[in-house]
1. Out of B:Glu415, B:Glu394, which single residue is within 23 Å of the chain's Cα centre (by Cα) and not in a loop (DSSP other than H, G, I, E, B)?
2. With (1) more than 9 Å from every other protein chain (Cβ to nearest Cβ); (2) free of Cβ contacts under 8 Å to residues at least 12 places away in the same chain as the list, and C:Thr215 as the residue in question, which single condition is left unmet?
3. Listed residues B:Glu56, B:Glu113; which is free of Cβ contacts under 8 Å to residues at least 24 places away in the same chain and closer than 23 Å to B:Gln348 by Cα?
4. Which of the residues belonging to the range A:238-258 are closer than 29 Å to B:Lys354 by Cα and without any contact (Cβ under 8 Å) to a residue 60 or more places away in the chain?
5. Only one of these is touching a residue at least 40 places away in the same chain (Cβ under 8 Å) and more than 7 Å from chain C (Cβ to nearest Cβ): A:Phe53, A:Phe123. Name it.
6. Being part of a helix (DSSP H, G or I) and over 18 Å from the mean Cα position of the chain (by Cα) is true for just one of B:Leu75, B:Leu47. Which residue is that?
7. Looking at the range B:264-304, which of the residues that are among the hydroxyl-bearing types (Ser, Thr, Tyr) and either modelled with pLDDT of 90 or more or closer than 21 Å to B:Asp184 by Cα (or both) is surrounded by the most Cβ atoms within 10 Å (Cβ to Cβ)?
Amino acid sequence: MKFKISEIPKYLINLFLILWIGFTVFMFLWLIISSFKSTREIYMGVWALPKTFGFDNYIRVLTDFGLLRFMLNSVIVVTISTLLVLVLSAPIAYSLSKLRFPGSSFVSMSFIIGIGIPIQTIFIPLYIMISKISLTDSLVGLTILYTVTSLPFTIYLLMGFFKTIPSTLEDAARIDGATATQSFIRIMLPMARSGIISAGIFVFVMLWKEFLLALVFISTESYSTISLGLYSLITKLTYTGDWGGLFAGVVLVILPSIIFYSILARKFIAGLTVGIGKG
Amino acid sequence: MFKKSNLLLSITLMVGLLLLSSTMVMANESFTYWSMWEKGEPQQKVLEQAIKDFEEQFDVTVNVNWAGRDVVTALKPRFLSGENIDMTDQSGEELYGGLVAGGVAATMNDVLEMSVPNEDATVGDVLIPESYDAYVREDGSLYIIPYNFITSVFWYDKVLFNDLGIEAPETWDEFLEMSEILKDNNIDPVAFGIQTDVYRGYFPYHAAERILGKNALNNAASDPTGEAFEDPRWERVGDILYQFSKEGKDLLMQGYESSVYPAPQMDWVMGMAGTFYCGTWIPVETREAAGENFEYGAFKFPTFEDADGDPTAVETYPIGFSVLKDAENADLAKKFVAFFLQEKYAKQWVEVTKNMTPRAGVEAPAELADAKKLLDNANSTFRLYDGVQADQPEWYASVFLPLASEVLLGEINGEEYAEKMRTETIKFWENKNN
Amino acid sequence: MFIKTKKGGQSVRYNNKIDRKRYKKFILVSTIPVVSFYVIFMIYPILQTLYYSLFRWSGFSRDMEFILLRNYNELMTDSMFLQTVWNSFKYVFFGSIIIIVITLLFTYVITNYKSKKLKDLVQMILFVPNTISPVALALLWGFILNTRWGLLNGLLGKLGLDFLQRGWLGDQYIFGAALSLLVWIHVGFFIIMYVAAADRIPPSLYESAQLDGATTWKQFTKITVPLMKDVIETSMVLWTIFSFKIFGYLYVFGAGGAGSDAPVAVRNISVHLFLTAFGKRTPINRLAYASSMAIVLLILVAILVYVIRKLIMSGETIEY
């Protein structure tokens, strides 16, 4: 690789990028290393390696804490919500973006504005509503909420994807006498598949991290999600000054997300790239 | 054949009916308790044991939800939807500021008259009055029965003070002397983090308690004319605060302008600062980090000459139960309250959680011995922030805290502090009463 | 009558009644249930919130006092609220500039990587902060920025850059500190969109520039960026919306555990709203007042999004 002066911007920015990534990686490494330290060690030598790589912190956190249960709850709620959202969003995104009907721009606009609706604005009335059908503190209720609140953004995303698909194939299908549903299922879906997958992963990640709704609607441990679990772990361990345990707990919660995400990421990026790449 | 199956059927029916009716009889009483503690915390363990014992002794069920610190917040939507929750617990400040202010708490005065199960005394007999008397309203109503007792003091390391030949100060002048010695030895006198509001409010309100006395701050906060702040003693309060700042006598630790929990206590416990003003939960939180060569000692906020406040007074910060107004099972819940105040649980509490108990006659944990002595010797007590955070939360957040910042950063001096408190209070009330 | 338009994409053309009927059923089935859910669970509650905002109400009991628009009146002079409104605008404005610039710079180098694996890997790492609970990140960030033993000051010290050390969580810098957290997270979020958009530009468009000997930088700025206009504008709108809605990161930031509420300097309207309605330590508990804030928030978001879309989004897709 020759060094070209004209490429200086590239070298500089690459350097910046490396620092950025280095920082990210370093931070997580530090977190992991610190989780093996005792509280005193954490504050004494930020950079020092722990004296012993004991798993004490981890054992302490795991025995006192129902991590597995929270993980399971999160998996159930988030997976089902994501699937529901996709199933509900795709057809309507198609209708709004390709089948211009009277009022379609009004409907799309209201969904787009819906993206900006903060949960704080609506969750008191929502709570009263949900409790009237006795679905508070239940995974079912949370799933409904997750699904509905994810609709605006997902519809918006999918509308964007559908718009990039040329109509020529549809026209051909129409001439051939296909019904709208057939045309949708046989033609649109496969072509937008990568977009739908990407949207699905976006939604999944967002819901996984979600904590406000869970905080308000779930009150017992057996139905808590992982983000709720993390939050209570943090408050709990802070009060006993167990910072080593806190770090261990955070690592335990974060690691699965990262690993899980790493596996999916390939597909995700590939999907997005392919979907948009289809000029 | 026919007859046999008939017989079988009727026998089954009868047995079934018997079982059914017996379960209906067995369906016992219960009450619902939402707790501020989280599963796994030492406090939760003690309560859980008590709950089990209670269930056994009285053959009832307790539906407990370990909701965590935000329990009062979590309760709100539930009230709105009409769910029945009988009892909760939190600090006096949060209970009064939230539930009582919201009109949903029931009075607990009757609990004082109740006898403690398995013992010969009433609740009122066994509780230290200082643990709740600050919370008795003008009309005599009380909305909390405490089971945990916290106060706040200046903490220091006895080992360190011994080495440097310092005695725990009583008066402000002694406090300043102590600070000089610490500084000479390259130790910051007071650990502090201004960005954490819990700490920020401590010194201003304590100064007010010493100089003007109890309720002065609270009354001044609710005076829309601001006249209360024209009292010249407020300038003295401001002066004291200014002395803490880096523009004054520079008593606060380096970097306090940007320090956030848990930095101040960590810095203190690692020897970078000499004293730390905080609640009696500190030994528990810092024990691990303190290392072995550390002995917890405490002294109260310094006293001043020619001051109108009670020099022996200390802060009272009880944590206790509160039963809700429309609770369906209020009586059973209150019974549990009395039950939990038995001596054995108080002792367990002290042992397991290392906190003090409001039960008379039970010793405090070793680290809190000094604090307990201060409490015993106090002639009066005052509420945290003089009750301002609970009674006037918005004033507290938009007038009191920002001005506390300004003076503790040395941006304004004592005179300006008093003046600004006056003008900002007037402005605040004008806006509110628009 | 169905309109044939080319606005914002290609759409289906309808010629006759048979088409209309055929699509009608699909349209109805696909939209009505979803729109109903949406209205019931998201739109109707807004109306209820609007209703609540006309009262004085703590939220504990059914005790409500009708005061019409007094809450809104109070908002106008509430210095804490106004500060958070100002903060929200600052987040939008500074956030979008910084995020977009950094993301573009990174897009430049990433699209020029020869290896697809490297491309994917880098994007993946950049995105990671988006997968992690906001609570954990805000906590970590607080540790990093700690004056005495935080990573940042420690690193600066080791590099001999002592003079750059600061009290990052002090009043002066704390807004920047919070913003830096948000930037770090969202660059990773938008980079995916940007790289995908940049990658889909056909190489043929660069040919003539390359023949002329243009540097990759020039190619990027003169060709790639203009062709990415759509995506950039979309990201601006999205960021505007996100920054108003962000809650978790700021709620815990600088709050010092459960000891206190997030400093006002850091709050956006969402966080302030929540704290007013519920209060963590400071039990403000004014549900109705908070509802009025919620309505103001909604209006602000709607206005901003509308303005940005009208001003910037031209609505034409550049065909190539």
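1. Numbers: B:Glu415 fails: within 23 Å of the chain's Cα centre (by Cα).
Sole residue among the options that is within 23 Å of the chain's Cα centre (by Cα) and not in a loop (DSSP other than H, G, I, E, B): B:Glu394.
2. (1)
3. On the way: B:Glu113 fails: closer than 23 Å to B:Gln348 by Cα.
Exactly one residue qualifies, and that residue is B:Glu56.
4. Listed by number, the residues that qualify are A:Thr238, A:Tyr239, A:Thr240, A:Leu246.
5. Details: A:Phe53 fails: touching a residue at least 40 places away in the same chain (Cβ under 8 Å).
Within the list A:Phe53, A:Phe123, the selection yields A:Phe123.
6. Values: B:Leu47 fails: over 18 Å from the mean Cα position of the chain (by Cα).
Unique residue meeting the criteria: B:Leu75.
7. Taking the range B:264-304 first, the residues among the hydroxyl-bearing types (Ser, Thr, Tyr) are B:275, B:277, B:280, B:286, B:296, B:303.
From what is left, the residues that are either modelled with pLDDT of 90 or more or closer than 21 Å to B:Asp184 by Cα (or both) are B:275, B:277, B:280, B:296, B:303.
Details: B:Thr275: 30, B:Tyr277: 21, B:Thr280: 28, B:Tyr296: 23, B:Thr303: 19.
The qualifying residue surrounded by the most Cβ atoms within 10 Å (Cβ to Cβ) is B:Thr275.
Conditions (1) more than 28 Å from A:Ile21 (Cα to Cα); (2) more than 11 Å from every other protein chain (Cβ to nearest Cβ); (3) among the basic types (Lys, Arg), marked per residue:
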site: C:Leu68; (1), (2), (3): yes, yes, no
site: C:Asp78; (1), (2), (3): yes, no, no
site: C:Ile110; (1), (2), (3): no, no, no
site: C:Lys116; (1), (2), (3): no, no, yes
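The values are calculated or read from the model by the stated rules, or taken from the named source; none is laboratory data. Bear in mind the structure is a predicted one, so any value in this text is a computation, not a measurement. Backbone-built Cβ (ideal geometry, glycine too); neighbour counts: all protein chains shown.
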